[in-house]
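Structure record follows, encoded as C-alpha cells.
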Amino acid sequence: MKKLFEAWNQISLVKRIVVGLIIGTVLGLVCPGTGGVAILGDAFVGALKAVAPLLVFFLIVSSLCYSGKSHGGVIRTVIILYMFSTFLAAVIAVASSMLFPVSLTLSAEAADMSAPQGIADVLRNLLMNIVSNPVKALTEANYIGILFWAVLLGFGLRGAGETTKKTLNDLSSAFSKVVTWIISFAPFGILGLVYNTVSTNGLSAFTEYGKLLAVLVGSMLFIYFVTNPILVFWCIRKNPFPLIFKCLKKSAITAFFTRSSAANIPINMEACAEMGLDKDTYSVTIPLGSAINMDGAAITITVMTLATAHTLGINVDIPSAIVLSILATLSACGASGVAGGSLLLIPMACGLFGIPNEVAMQVVGIGFIIGVIQDSVETALNSSSDLLLSASAEFRQWRKENKEIVF
C-alpha cells in the first residue's frame, strides 16, 4: 500500500487532476445523478475548508512570535498591488462593458435575498468581521477576523519562552503536512466536483447568457494575461509569463473547480513554499489576499451593473463610470464579509444609477444562473492572483538585494 501511495505521488499533480477532470466530465454526461461520485468533491472541499482556518491561524502566530527582520516592506507592496489590481479590474470591466454592451432578459421575479444598502453597510460588515470573536472567526472561517487576531497574538507572544514558540511552530508544521496529504487527493476531489457540475447543469450554461459570460470571462482573462503581467514585470524586470503560468498551474486549476478562495489558501501556501518564499510573509499575504484581492468580484459587480443600466436605457458617462469603479473596488474588498459574495453587492452598485432594488435583484438571480462558470473563473482569478502578486512582491525585494530570482 505504501509503495502504491508513493507511486501515486510521483505522478505530476497536474496530470492527475487532468485525468480526474476528464473522467468526471465523461461520467457526468454518461451517467448523471450518481451521488456517490459527487461526494468525492464535497469531501475534498470540506477537508480543505476545515483545515485552512487552523493552518492560517497557526502559521501567522508562529511566524510573528519570532523576532527577526521586518518584512513590512514586502507586505506593504503586496497590499498596494492588491488594491491597484482590483481598481484596474473595475476600470477594465467598464471599458469592456462599453465596447461590448450587453442586454439582459429580466423577469418579474426577484431573488429573495438581502443585499447591503450602501458602501457604509459593506464597510460595517468588514469592520465587524475584523473584531469578531476569535473562536467564532475560526469556526466560521472568517479570514479577516482570523488574520486580525492571529497578528495581535503573534506580536503578543514575541516575549514568550522558546518552548511555547517551538510548540506553535510544530503545530503550524503539522497542519502544513496535513494539507499536503489532502492536496494529494485533489484529482479525486476534482473528479467529484466536475461530475456534479456537469451532471446538474450539463453544458447549457456555456450557451445561455453567452454574451454576458463572454464579457465577464474576457475581462477576467484580460486582467490575468495583460495587466497582471505588467505588474509582475514592474516587480521582477524580466519575462513575467513563466511566473504567470506557474501560478495558473499551481493555483487557478484547483480554485476553478472548488470555487472557494478559502479552500485554496492551503494550496497557495504550498506553492509559496515550493517557490522558496518567506513563510513569515506569505503566511500573512495569502490569507489577506483571499479577503481584499478581489479582481474577479470587481469585474462581476461592474459588468452586471452596466449591463442592467444598458438594458434599461440608462446612459453612463465617464465620471459616473469612474465613481462606479471606485465603489466596485471598495465593495469587492468587503465581498468576503457579505453572504452571497460579489453578486449581492450588485444592487448597491445599481443604486448609483437609480435602478430599483427589485430589478437589481433579478440581475443577482441571473448571476446565480451563470455562476457555475462566472464564479469558477472569478475564484480562479482572485486566488491565483493572490499567489502571483505575493510572489512578485517578494521577488521584487530579491531583485533589490541582487538575489537570483528562480521560479
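Worth a mention:
- Taking a ≥ b ≥ c as the square roots of the Cα gyration tensor eigenvalues, region 242-333 comes out prolate, since a/c reaches at least 1.5 and a/b is larger than b/c.
- Taking the average, over residues, of other Cβ atoms within 10 Å as the packing measure, peptides 187-197, 152-162, 303-313 rank 187-197, 303-313, 152-162 from highest down.
- Relative contact order [Cα under 8 Å, 6+ residues apart], the chain, whole percent: 31 percent
- Dividing the summed -39500 (n - 2.57) terms of all DSSP H runs of n ≥ 4 by the residue count of the chain sets its mean residue ellipticity at 222 nm at -24000 deg cm²/dmol.
- Solvent-accessible area per residue for the chain (1.4 angstrom probe, square angstrom): 43 Å²
- Spatially proximal lysines relative to LYS238 (Cα-Cα < 19 Å; intrachain offsets below 8 disregarded): LYS246, LYS400, LYS403
- Most mobile listed residue (ILE182, ILE265, ILE346) in the chain, GNM with C-alpha springs under 10 Å: ILE182
- Converting phi to 3J(HN,Hα) with the Karplus coefficients 6.51, -1.76 and 1.60 and the offset θ = phi - 60°, region 165-181 yields 5, 5, 4, 5, 5, 5, 5, 5, 5, 5, 5, 4, 5, 4, 4, 4, 5 Hz in sequence order, with x at every glycine or proline.
- For region 161-283: rounded, prolate or oblate by the Cα gyration tensor [a/c cutoff 1.5]: oblate
- Pairwise label distance in nanometres, LEU127 with ASP317, each label 7 Å out on the Cα-Cβ vector: 3.3 nm
- Once the Cα-Cα distance is subtracted from the 0.36 nm per residue extended length, the VAL18 to LYS166 segment shows a gain of 49.3 nm.
- Per-residue SASA entry for ASP375, accessible area with 1.4 Å probe, Å² rounded to 10: 40 Å²
- More than 26 Å apart - percent of Cα-Cα pairs taken over the chain: 55 percent
- 3J(HN,Hα) from dihedral phi, region 250-266, Karplus parametrisation 6.51/-1.76/1.60, rounded to Hz, x for glycine, proline: 6, 10, 5, 4, 5, 4, 4, 8, 7, 6, 8, 5, 5, 5, 8, 4, x
- Accessible carbon and sulfur surface of the chain relative to its total accessible area, %, 1.4 Å: 66 percent
The values are calculated or read from the model by the stated rules, or taken from the named source; none is laboratory data. Keep in mind it's a predicted model, so treat the numbers as computed, not measured. Glycine also receives a Cβ, built like all others from the backbone with ideal geometry; neighbour counts cover every protein chain displayed. SASA here: full protein model, heavy atoms, side chains in, ligands and nucleic acids out. Shrake-Rupley method; radii C 1.70, N 1.55, O 1.52, S 1.80 Å.
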